[in-house]
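Engineer: Once you've had a glance at the structure underneath, I'll fire off some questions.
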Amino acid sequence: WRAVCQWLAGAGFVTFSVNYRLAPQHTFPAQIDDLRTAVRWLRKPDQVTRYNIDPKRIGVFGGSAGGNLAALLGTDGHGSTTTGDRVAAVAELSGPTDLTAAGLGLGTTPAAFQQVELDYLGCRSFGDCPQARNASPLYQVDASDPPFFIGQSLDERIPKPQSDALVAALRKAGVDTTYVTVKGTRHSIAMLTDELRARVVAFLHAHLGD
């Protein structure tokens, strides 16, 4: 992620890499709580001055588990995207969007990855895991959410129907949504070709620029 930060900084963004608590030692919602705290910290006057941040133009980028968290941060809460822990733009790659039992019907999630999700949720099974819904961006979407950029490989470990479902929900709510699929099996930031990097940067400039 150092290279990702350097790439985005080189494109003109003040860039921070957020280190959040990890499962299985820490289960949901510890991770999204850490992201919320980071965004609120960035909006404090000391950080705004120190890093020359515009607190009304904070975006988030993530892949895989970080893609889930980026999408969840973007769909978290309601109303203005310029205050509190709300963000003004979301770019995510390969993020699981439905961690509930119903989400198992969105394509075929490998068994090993299902266990990773259960460890993250702190559950023994998807059938008895009430917190799974709150950990799923798909169920948090509303019309006040910021613009989204979603990238997905066609044949990777996160089934494409997971991204399809989130895109459909966002567009149904009237949220500006860019959806890019790429051939192959590359997961998360491994899919970042020069073309995809250019599209992510163009999206972020369009929604976070002057």
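The values are calculated or read from the model by the stated rules, or taken from the named source; none is laboratory data. Predicted, not measured: the structure shown is a model, and the values here were computed from it. Here the Cβ positions follow ideal geometry from the backbone for every residue, glycine too, while neighbour counts run over all protein chains shown. Please note that ligands, DNA and RNA were not included when accessible areas were found on the heavy atoms of the full protein model with its side chains. Shrake-Rupley method; radii C 1.70, N 1.55, O 1.52, S 1.80 Å.
Engineer: Any chance you could list the semi-axes, whole Å, largest first, of the equivalent ellipsoid that the Cα gyration tensor gives for the chain, using √(5λ)?
Structural biologist: Its equivalent ellipsoid spans semi-axes of 26, 20, 16 Å.
Engineer: Averaged per residue, what accessible area in Å² does the range 130-182 show with a 1.4 Å probe, protein chains only?
Structural biologist: 40 Å²
Engineer: For the chain, which longest stretch is free of loop sites, where a loop site is one of the trypsin sites (Lys or Arg not before Pro) that DSSP puts outside H, G, I, E and B and that has at most 14 other Cβ atoms within 10 Å?
Structural biologist: Free of exposed loop sites, the longest segment is 57-123.
Engineer: If you don't mind, another one. Roughly how many whole Å is it from the C-alpha centroid of the range 1-49 to that of the range 79-140?
Structural biologist: Distance between centres, Cα-based: 19 Å.
Engineer: Right, here's the next one. What Cys residues in the chain have no fellow cysteine's beta-carbon under 4.7 angstrom?
Structural biologist: C5 - these cysteines have no disulfide-compatible partner (Cβ-Cβ under 4.7 Å) in the chain.
Engineer: Please report the net charge: other residues with Cβ closer than 10 Å to the Cβ of D33, K and R +1, D and E -1.
Structural biologist: Here the count lands on 0.
Engineer: Counting only helical runs of four or more DSSP H residues, what would the 222 nm mean residue ellipticity of the chain come to if each run contributes -39,500 (n - 2.57) and the total is spread over all its residues?
Structural biologist: Only helices count here, giving -11500 deg cm²/dmol.
Engineer: Farthest toward the dipole's positive end in the range 1-140, which of A70, W1, F16, given Cβ charges of +1 (Lys, Arg) and -1 (Asp, Glu) about the Cα centre?
Structural biologist: Sorting the options by dipole projection puts first F16.
Engineer: Tell me the relative contact order for the chain as a rounded percent, counting alpha carbon contacts under 8 Å between residues six or more apart.
Structural biologist: In percent, rounded to a whole number, it is 20.
Engineer: Leaving out ligands, DNA and RNA but keeping every protein chain, what accessible area does E117 have, in Å² rounded to the nearest 10, with a 1.4 Å probe?
Structural biologist: 20 Å²
Engineer: Still on this structure, please answer the following. Which residue, L35, L104, L138, has the most motion in a Gaussian network model of the chain that connects Cα atoms within less than 10 Å?
Structural biologist: Most flexible of the set in this elastic network: L104.
Engineer: If I build a Gaussian network model for the chain, linking alpha-carbon pairs within less than 10 angstrom, which residue out of T49, T97, T109 has the largest mean-square fluctuation?
Structural biologist: Fluctuation is largest for T49.
Engineer: Summing Lys, Arg as +1 and Asp, Glu as -1, what charge do residues with Cβ under 13 Å from the Cβ of V4 carry, V4 excluded?
Structural biologist: +1
Engineer: Considering Cα pairs under 8 angstrom that are at least six residues apart, work out the relative contact order of the range 42-146 and quote it in whole percent.
Structural biologist: Relative contact order here is 30 percent.
Engineer: Can you give the angle from 0 to 90° between the axis of helix 194-208 and the longest principal axis of the chain, with both taken from C-alpha atoms, to the nearest 10?
Structural biologist: Helix 194-208 sits at roughly 60 degrees to that axis.
Engineer: Right, something else. Relative to the longest principal axis of the chain, what angle (0 to 90°, nearest 10) does the C-alpha long axis of helix 160-172 take?
Structural biologist: Value to nearest ten degrees: 60.
Engineer: Please list S188, S17, S80 from largest to smallest accessible area, probe radius 1.4 Å, with all protein chains kept in place.
Structural biologist: The most accessible residue leads, giving S17, S80, S188.
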